[in-house]
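The values are calculated or read from the model by the stated rules, or taken from the named source; none is laboratory data. Keep in mind that what you see is a predicted model, and the values were worked out from it rather than measured. Every residue, glycine among them, receives a Cβ derived from its backbone with ideal geometry; neighbour counts consider all protein chains shown. What goes into the accessible areas is simple: the full protein's heavy atoms, side chains included, and nothing from ligands, DNA or RNA. Shrake-Rupley method; radii C 1.70, N 1.55, O 1.52, S 1.80 Å.
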Amino acid sequence: MLDPAVHTQFLDQLGHWAEKALAEGRFPFRKIEQHTDLLTEFGRQTADLVFWVNQNSFVAGGVLLLVTGQTGSAEQRNGTACASALGLKQFALWDQDGITLWSAPEMILQWRLELPPESVRIDFFFDALLQLMDQFRLRSVIEAPSSEQLSSWHLTNLCRHTLEQARPLLSEGIRRTRAELLPVSEHLAQEKLILSLAQLLTFLYRTRRPAELTLHTLDARLTEISLARGVEAGHCEQIRLDEQSTILLHHLFRRLEQISPFSSAPRATRFLRHLLELTAPQSDHQAAATACCTDATVAIYCNDIGAQQLDAEIDSCGRLLLKQLLRDLLGLRQPVLTATSLFKLTEFRQPARIRAHLFDPQRPSRPEEKILGAHLRQAWPGRRFESAQGAALFLWQALYLLGQMPSDSTLRLTIPGSLFDLLGAETLLNELSEHFLLSRIDLDENARTLELVLARTASTDRSHRLNTQQAILITQQRSKWAALTTSEEQISPAKRGNPTRQALREDILRTVAIRGVPCFPEHYLYDLFRPELVVYPLENGPWEIDQNFMGLLQLKDKTGQRTCEADPVHSYALILASHQHQQVRLPQDETVCREILIRFLTDLIDIRRLAQSECFGGLTNPAQARRCLTEVWHRLELPPWSVVKSAANFFHLEHD
């Protein structure tokens, strides 16, 4: 029986044997890959072992899934989904009784090899694997699917594979040639590649002479497509494809040309919808798929295109091209107006039904905040939103959108579920309570997305403010949110007379909760497009530095046992996280990890300064003020200030 505890070790052994067989030249496969992540009709699936014929073209010869216990319908369903995503007509399952080979999607048993009871002979398992590879070798030739039989999920995974290969290459090229774009290089690389993919597909759909798109003319010809379709390239216009990413995209173009993705309109329609879900501005494409624009007249960063003509649509340049292509396939009319930035829409038709999906977590730079502030003053004449400074971009977008809404218009808004923990949330909620009637608020079960349905009203009646039931709903989901739904003017705790230490402490805690208490690293991974993460167990925390050796820090747990050895960036990240978590996922790239760590430390320093200012401003006795500050910090359940100071000193951050 395949015990779950030895699943990984057994899979590693199978992979080693398969690689050995390939090295001997016995099979036509070029590569064996473990834990292949696939997008399927049942969500993300992991194929245990994939036998690649040509991985760059996403051509596989076989797929094997290990089964704990006995094979059932769920395992067969998952195998069928993986086979479809890989472009295969068969898949293999290895369970406690033996190996079975099934046809897909019919799920008809084609071959079976029974294992002797309680067999532990290594040579028998090795021979069983070779027999399975022989079956794959034969069937990958005589049962290879035609281009018409390849599913929309296979096309989606093919494109996704190319994007994931090209993104780090293009990002590194941007870092090397455009130093001023270093903070947003990952984001720009992803946007440029999505645009290039949309241009490739548009070219394939519209041209009858695909041979004209050569390797040397690819980038220039693709740019012409955007101009011809009336879609501005936005900030992607300043980015050029590097040599390696150009080669990958040209290879993808040739592979798509062979498959003819538009030979079947239903398949092409499903394929484009999958790509819209994949490229949605949120890491979890399944959660983002709920952002449809049914019955809307204005759609903002939505996945669905709706059935009626839109007055306006806002999205990234690549996704606008994909939507144009999808509408052409379905025979639908294109939107009257399109834009790549929410801030380019200055007015809506009356009355407006708006559907918006705002998830951009990037923090604008100081110069960008000045521009955003000008947009907000245009949307909210006579108002200044000082508390929005330092907030994520989606909060700036939401405030601007609310200001642009005319009376009697409605908005269905989806934003991150962590809104109420973030800086700037107070400002957004104040505007909602003052000027809008909230008819529904839903938080998904994983607290990833928050959906609000609201209407703008000219009335100042208090009944149009967030009502008690909605406040209770928010409180049930996040206990810290209760104070956010009140309509009282927020006054600095230090200016409310002469409070006692306990009263001042509670007021400060509410103020900090409104601004947002950071959780590291979760709150800082939103603006990173699917970074490669490494899981670190943090048993017996908190951890601390044991010694410095050759530029690496050796860490130990609270029992004195050494835990791991890492560079200073990851070491300080682990130390800080060990005060809050039993396990943590950190970016593998040191530069990326340093970026989110500096942001976390900066937020902690800002919170400390706020609490310190309120404590010493509200209490005349310095000893009581220091005690109050210590109590506030302890109640916030943040890493000890001494640990934060040590990390801040290492990274040369001012904190006093």
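Relative contact order (percent) for the stretch 366-429, with alpha-carbon contacts under 8 angstrom and 6 or more residues of separation?
Once normalised by length, the contact order is 38 percent.
Remark: the stretch 62-74, residue by residue, has Karplus-estimated 3J(HN,Hα) of x, 9, 10, 10, 8, 10, 7, x, 9, 6, x, 5, 5 Hz, where x stands for each Gly or Pro and the curve is 6.51 cos²θ - 1.76 cosθ + 1.60 at θ = phi - 60°. Across the stretch 327-332, rounded Karplus estimates of 3J(HN,Hα) from the backbone phi angles (6.51 cos²θ - 1.76 cosθ + 1.60, θ = phi - 60°) give 5, 4, 5, 8, x, 9 Hz, Gly and Pro being marked x. Considering only the Cα atoms of the stretch 536-651, their convex hull presents on average a projected area of 7.7 nm². Of the residues Ser433, Ser146, ranked by 1.4 Å probe accessible area with the largest first, the sequence reads Ser146, Ser433.
Kirkwood analysis of the stretch 345-435, using all unique Cα-Cα pairs, places the hydrodynamic radius at 13.5 Å. In this structure the amide hydrogen of Thr449, modeled in the peptide plane, comes within under 5 Å of the amide hydrogens of Gly417, Asp444, none closer than 5 places in sequence on its chain.
Using the Cβ of Leu93 as centre and a radius below 12 Å, the other residues enclosed give a net charge of -2, where K and R count +1 and D and E count -1.
What accessible surface, in Å², does a 1.4 Å probe find on Ile142, ignoring ligands, DNA and RNA and rounding to the nearest 10? Surface accessible to solvent at Ile142 totals approximately 120 Å².
For a quick protection proxy, order the peptides 422-429, 188-195 by their average other-Cβ count within 10 Å, most packed first.
188-195, 422-429
The local environment of Gly15, defined by Cβ-Cβ distances under 13 Å, has a net charge of -2 under the rule Lys, Arg +1 and Asp, Glu -1. In summary, the lysines within cross-link reach of Lys20, defined as a Cα separation below 26 angstrom excluding same-chain residues under 8 places away, comprise Lys31, Lys89.
A crude spin-label estimate for the pair Phe42 and Leu130, with each label 7 Å from Cα along the Cβ direction, gives 3.3 nm.
Rg and Dmax, both from the Cα atoms of the stretch 69-148 and both in Å, are 13.2, 44.
Packing order of peptides 215-225, 83-93, highest average first: 83-93, 215-225 (average count of other Cβ atoms within 10 Å over each peptide's residues). Of the GluC sites (Glu not before Pro) in the stretch 600-652, the ones in a loop by DSSP (not H, G, I, E or B) with at most 10 other beta carbons within 10 Å are Glu637. Of all lysines in the structure, the ones whose alpha carbon falls short of 30 Å from that of Lys323, not counting any fewer than 8 places away in one chain, are Lys192, Lys344. Ordering Leu66, Asn56, Thr80 by the projection of their Cα atoms onto the charge dipole of the stretch 44-114, which places +1 on the Cβ of Lys and Arg and -1 on the Cβ of Asp and Glu, puts Asn56 at the extreme positive end.
Expressed as a rounded percentage, what relative contact order does the stretch 1-131 have, with Cα pairs under 8 Å and six or more residues apart? Could you put the intermediate results ahead of the total?
Numbers: 234 pairs, mean separation 25.0, N = 131.
Once divided by the residue count of the stretch 1-131, the mean separation gives 19 percent.
For Gly98, the residues whose amide H sits under 5 Å from its own are Leu115, ignoring neighbours fewer than 5 places away on the same chain, with H placed 1.01 Å from N.
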